[in-house]
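Enquirer: This is the structure, below, for whatever I ask next.
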Amino acid sequence: MALNRDFIGRSYPAPEPYEVSRVKIKEFALAIGDENPIYLNREAARAAGHPDVVAPPTFPIVFTLTGASEALADPEFGLNFAMVVHGEQRFEYRRPIYAGDVLNHTSTIMDIRSVGRNEFVTVRSDVTTLDGELVCTTYNTIVERGGAA
Amino acid sequence: MAATVKYDEVEVGQEIPPVDYPVRRINLIQYAGASGDFNPIHWNERFAKQVGLPDVIAHGMYTMAQGGRFITDWVGDPGAVLDYGVRFSSMVVVPDTDEGTTITVSGVVESKLEDNKVVIAITAKSGGNRVLSKARAVVRLA
């Protein structure tokens, strides 16, 4: 079943800010097998010129889908999660994410398109501080296999 | 920032030597927990096969993270990554064996930009397939 195109352009603010912690950065870094001290140790991060430990480049995936997941799970959208694979992903940074950051984000469904038998959905998330400073923008494209058949 | 690679010493076309990153089932379970992505195609062989996959497959984001690790290890500072994007072109199939599988990542300096920025084109392979395509990182060098 084709996905509902009425959802293109809809925006979803995250229900609450995400607090970036040293503990979560360490957990994520170890889970990707990366023991870079700039992820694990505040003194090492400071020695490298950072205010605190830095989040790995792909870390925002941990929290940026909460806003859009509500939309993607809406029965009116028509997505079969069992058939979903990840198509594309991009992170565009204004500055690194640090432990101690408190971040908001808003996710917007940018595009829904059919390619062959598959449906492609692209969601952009703008990640900001509570003061509205843009920290990074993420672009997530998921593929529903067979969704356009 | 403390990038250790110097912009003036890098040339377009310069290759960054390949690195092998092993992937076993335990890594996917650990990644599922840390990322919150518990899609059973990444840990449940029975479910993966039911939905037409050859076996359990790695999270695309796990593979992307290995590409990110390759870049941040080369540049010397994770804070130097300004932009990183990939297309997931093929699945990383992770068999239930002690050795699992391997993701091999390599890179080449594709272009030099203003403000000490360079574009790195990344290649990631597993099981004979290119698992990332259109993989690019923009990093700021010293």
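The values are calculated or read from the model by the stated rules, or taken from the named source; none is laboratory data. All figures in this text were calculated on a predicted structure; none of them were measured in a lab. Quick reminder, even Gly has a Cβ in these numbers, built from the backbone with ideal geometry, and neighbours come from all protein chains shown. Please note that ligands, DNA and RNA were not included when accessible areas were found on the heavy atoms of the full protein model with its side chains. Shrake-Rupley method; radii C 1.70, N 1.55, O 1.52, S 1.80 Å.
Enquirer: Would you confirm whether any residue within segment A:64-77 is polar (S, T, N, Q), part of a helix (DSSP H, G or I), under 18 Å from B:H59 (Cα atoms) and modelled with pLDDT under 95?
Expert: yes
Enquirer: For B:A121, indicate whether it is surrounded by fewer than 16 Cβ atoms within 10 Å (Cβ to Cβ), outside any loop (DSSP other than H, G, I, E, B) and at negative phi.
Expert: Yes, satisfied.
Enquirer: Now a separate question. Checking the conditions here, which among B:D8, B:D83, B:D98, B:D55 is touching a residue at least 24 places away in the same chain (Cβ under 8 Å), out of contact with any helix residue (DSSP H, G or I) (no Cβ under 9 Å at 6 or more places or on another chain) and surrounded by fewer than 16 Cβ atoms within 10 Å (Cβ to Cβ)?
Expert: B:D98
Enquirer: Search segment A:136-148 for residues being within 12 Å of chain B (Cβ to nearest Cβ) and of a type in the set (A, V, I, L, M), and hand back the single one that is nearest to A:T58 (Cα to Cα).
Expert: It comes out as A:I142.
Enquirer: Something else: Inside segment B:1-79, counting only helices (runs of 4 or more DSSP H) that do not spill past its ends, which hold 2 or more residues that are under 23 Å from B:E114 (Cβ atoms) and at the interface with another protein chain (Cβ under 9 Å from one of its Cβ atoms)?
Expert: B:60-75
Enquirer: Take segment B:80-112 and flag every residue that is assigned to a loop (DSSP other than H, G, I, E, B) and either within 11 Å of chain A (Cβ to nearest Cβ) or within 24 Å of A:M83 (Cβ to Cβ) (or both).
Expert: B:S89, B:S90, B:M91, B:V92, B:V94, B:P95, B:D96
Enquirer: Take segment A:78-94 and flag every residue that is more than 8 Å from every other protein chain (Cβ to nearest Cβ) and either surrounded by fewer than 17 Cβ atoms within 10 Å (Cβ to Cβ) or modelled with pLDDT of 95 or more (or both).
Expert: Scanning segment A:78-94 gives A:G78, A:N80, A:R94.
Enquirer: Step by step: first the residues of segment A:30-51, then only those that are of a type in the set (D, E, K, R) and more than 8 Å from every other protein chain (Cβ to nearest Cβ), then the one that is least open to solvent (accessible area, probe 1.4 Å). Which residue is that?
Expert: A:R42
Enquirer: Would you confirm, using the coordinates I've provided, whether B:A135 is buried (at least 18 other Cβ atoms within 10 Å of the Cβ) and within 26 Å of B:V12 (Cα to Cα)?
Expert: Taking the combined requirement at face value, the residue satisfies it.
Here's the yes/no breakdown for (1) in contact with a strand residue (DSSP E or B) (Cβ under 7 Å, 6 or more places away or on another chain); (2) modelled with pLDDT under 95; (3) under 24 Å from A:F91 (Cβ atoms):
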position	(1), (2), (3)
B:K6	no, no, no
B:V19	yes, no, yes
B:P22	yes, no, no
B:I26	no, no, no
B:S35	no, no, yes
B:N39	no, yes, yes
B:K49	no, no, no
B:L53	no, yes, no
B:V56	no, no, no
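Enquirer: Additional query: Here is a check on your reading of the model: is B:R130 assigned to a strand (DSSP E or B), more than 21 Å from B:V10 (Cα to Cα) and open to solvent by 10 Å² or more (accessible area, probe 1.4 Å)?
Expert: yes
Enquirer: Search segment A:52-63 for residues that are at the interface with chain B (Cβ under 7 Å from one of its Cβ atoms) and under 14 Å from A:Y139 (Cβ atoms) and pair each with any residue that is of a type in the set (S, T, N, Q) and in a loop (DSSP other than H, G, I, E, B) when their beta-carbon atoms are under 9 Å apart and the residues are at least 6 apart or on different chains.
Expert: none
Enquirer: Look at segment B:113-134 and say how many of its residues are touching a Ser or Thr at 6+ places or on another chain (Cβ under 7 Å) and either of a type in the set (D, E, K, R) or within 14 Å of another protein chain (Cβ to nearest Cβ) (or both).
Expert: Final tally of qualifying residues: 7.
Enquirer: Just for segment A:102-133: of the residues that are within 13 Å of chain B (Cβ to nearest Cβ) and touching a residue at least 24 places away in the same chain (Cβ under 8 Å), which one is most open to solvent (accessible area, probe 1.4 Å)?
Expert: Looking at residues that are within 13 Å of chain B (Cβ to nearest Cβ) and touching a residue at least 24 places away in the same chain (Cβ under 8 Å), I get A:R117.
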